[in-house]
1. Just the residues that are exposed (fewer than 10 other Cβ atoms within 10 Å of the Cβ) and assigned to a loop (DSSP other than H, G, I, E, B), please, taken from the range 41-95.
2. Filter the range 1-33 down to residues that are at pLDDT 90 or above and part of a loop (DSSP other than H, G, I, E, B) and give me whichever is least open to solvent (accessible area, probe 1.4 Å).
Amino acid sequence: MVNLIDESKIPTIFKAFCDENRIEILKQLITGEKCACVLLENLHISQPTLSHHMKILCSSGIVVMRKEQKWAHYSISEEGIAYAMEYLQSLMTVKSLGKDKPCCDK
């Protein structure tokens, strides 16, 4: 439901998609849950940089984290992706302002 979208969350969601490293992380997570150490093996970034990216991805709701002992495991959140898609879908809904009313006087 478009009415249930909290527009204050939208910038955080789309910030998650605005970095090449975060896109690469999401591509890795498409195949399923990954430990942070596995993600790090396939990226050319430091552990603190990975932590920064994961914080943004988790804050957006696009990725969820599960702790198992000292290890962090990450996966894509179906609910987070659905929320982002719902917002994008709402932008595609054309709403007529009234075809007989001009937008400005000429």
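The values are calculated or read from the model by the stated rules, or taken from the named source; none is laboratory data. If you're wondering where the values come from, they're calculated on a predicted model, not measured in any experiment. Counting neighbours? That spans all protein chains shown, and the Cβs are built from the backbone with ideal geometry, glycine included. Side chains included, ligands, DNA and RNA excluded: accessible areas come from the protein's heavy atoms. Shrake-Rupley method; radii C 1.70, N 1.55, O 1.52, S 1.80 Å.
1. If the condition is that a residue be exposed (fewer than 10 other Cβ atoms within 10 Å of the Cβ) and assigned to a loop (DSSP other than H, G, I, E, B), then HIS44, GLN69, LYS70, THR93, VAL94, LYS95 are the ones that fit.
2. Looking at residues that are at pLDDT 90 or above and part of a loop (DSSP other than H, G, I, E, B), I get ALA16.
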